[in-house]
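Every number in this text was worked out from the coordinates using simple rules, so none of it is lab data. Not measured: the values here are computed from a predicted model.
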């Protein structure tokens with residue numbers, strides 16, 4: 001009887017060691033997912049702030065363009081000393097409007113394209129963040145179940161923890177490689 005008791009005790013110790021190793025692996029995966037989530041959060045915030053700044057510049061250009069149009073209309077109604085002065089003023093207003101609307105570097109069209117690209121980067125970072133958060137949740141649950149298996153000696157909890165760990169690792173890899181696919185899961 002004592003020999004079978006010793007064998008059972010050794011098996012329990014071995015099971016606990018495997019569970020402890022599984023917990024360590026899941027915790028390492030969790031650390032990587034948390035780091036990825038933090039980086040994605042930072043990238044998302046940076047892109048959102050930059051997009052807001054560019055849209056604010058776009059709005060300022062719109063306001064200046066509207067003011068220029070209004071001034072051009074008012075100037076057209078006012079008498080000028082010579083027709084050349086009138087033409088020069090209207091020419092200046094037209095050049096300003098063209099610059100505000102279509103300058104390749106700082107016109108409204110260029111600003112809108114840039115802001116939309118920043119918004120796309122923000123959205124992509126958000127997908128990464130969601131995938132890493134889902135992965136971290138699965139890994140945390142895997143750690144909890146595996147820890148509970150050490151206490152209860154339940155092999156079912158070890159397998160459930162390992163399965164959740166695999167799901168978490170898969171989601172973490174998808175978060176890194178293809179977060180759009182992770183969003184479908």
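Among 40, 131, 60, the residue with the largest mean-square fluctuation in a Gaussian network model of the chain, with springs joining Cα atoms closer than 10 Å, is 60.
Using only the alpha-carbon atoms, how far is helix 155-177 inclined from the longest principal axis of the chain? Give it as 0 to 90 degrees, nearest 10. With both axes taken from Cα atoms, the answer is about 20 degrees.
Between helix 83-102 and the chain there is an angle of about 10 degrees, using the helix long axis and the longest principal axis of the Cα atoms.
By its C-alpha gyration tensor, with a ≥ b ≥ c as the square roots of the eigenvalues, how is segment 18-184 shaped: rounded for a/c under 1.5, else prolate for a/b larger than b/c, else oblate?
Working: a/c = 6.89, a/b = 6.04, b/c = 1.14.
Because a/c hits 1.5 or more and a/b exceeds b/c, segment 18-184 counts as prolate.
Dividing the helix sum by the residues of the chain, where each DSSP H run of 4 or more adds -39500 (n - 2.57), gives a mean residue ellipticity at 222 nm of -33500 deg cm²/dmol. For the chain, find the longest principal axis of its Cα atoms and tell me its angle to the long axis of helix 2-77, 0 to 90°, nearest 10. The helix 2-77 is inclined about 10 degrees to the chain. Only Cα pairs under 8 Å and 6+ residues apart enter the sum, and on that basis the relative contact order of segment 18-184 stands at 33 percent.
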